[in-house]
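For reference, the structure is listed below as structure tokens.
Taken together, the values in this text are just the output of simple stated rules run on the coordinates, not laboratory data. Keep in mind the model is a prediction, meaning the values are calculated, not measured. Virtual Cβ from ideal backbone geometry, glycine too; neighbours counted across all protein chains shown.
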């Protein structure tokens with residue numbers, strides 16, 4: 001009897017150990033076998049970025065479940081995609097339009113699922129497939145910055161090497177000498193500026209008087225130039241008026257018949273006589289061109305001049 005009782009206790013303890021082992025194994029996988037308050041949902045990814053089973057599932061930073069299983073999609077149309085099954089406590093509410101993101105779970109690089117809840121639309125029911133996205137973690141953000149930093153460091157190293165090659169002992173000595181000369185020049189400039197300040201302060205009254213004299217002189221010159229301009233303009237206007245008066249006298253004399261131009265303009269007989277004389281002179285010149293022998297007689301041997309006989313043409 002005692003032996004049977006002992007065997008019964010050993011068997012009962014073994015069952016308890018097996019139950020605890022099964023519960024712990026399920027808990028690590030995200031399934032609480034002692035609790036029926038969990039719902040399972042699914043999400044599909046082309047790349048899970050290191051997500052593992054039993055990874056944490058959270059909403060607004062609060063843990064609400066775990067990743068239960070990860071396996072490949074057996075549908076030929078979606079070959080290569082991964083299906084992630086995760087559990088969420090029943091009292092958590094979100095709609096089918098919610099998004100499940102794979103996010104970084106700390107600096108150590110662990111991954112977790114983050115549900116971005118949406119409350120628009122129908123309520124998500126156990127077994128629904130939700131939309132999945134892969135979030136950008138800290139290290140992926142730092143990768144471009146790391147590349148830029150490495151490029152900047154390499155550029156700095158190249159510049160430093162070139163500077164070290166350029167700045168030999170002779171160059172450094174020359175630079176030091178140049179800096180000393182620059183310091184000397186700057187000291188001289190400072191001394192000169194101080195001397196100028198002292199000179200200006202000592203002669204402040206004289207400079208003010210000189211500037212006042214220059215201003216008065218410029219004002220007087222302006223007045224003189226304005227007076228000369230007025231006198232010159234007055235003289236020119238008087239000459240123009242005199243010339244206009246003379247022209248008016250000449251034109252009025254011509255209009256009244258005074259002087260040669262006036263008589264020529266007013267005396268029609270004189271004009272007719274001049275016109276007739278010019279016509280006779282023109283006929284005489286034409287006759288001399290056509291019959292020059294009538295007017296010029298020349299002979300080397302003293303030939304007697306023939307008497308002119310008038311022809312019909314003449």
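Side notes on the structure shown:
- For the stretch 38-135: relative contact order, % (alpha-carbon pairs under 8 angstrom, 6 or more apart): 36
- In this rough spin-label picture, where each label sits 7 Å from Cα along the Cβ direction, the residue 220-residue 75 distance is 10.8 nm.
- Distance between the modelled labels on residue 148 and residue 134, one decimal in nanometres: 2.4 nm (7 Å Cα→Cβ projection).
- The antiparallel fraction among DSSP beta bridges confined to the stretch 38-135 stands at about 75%.
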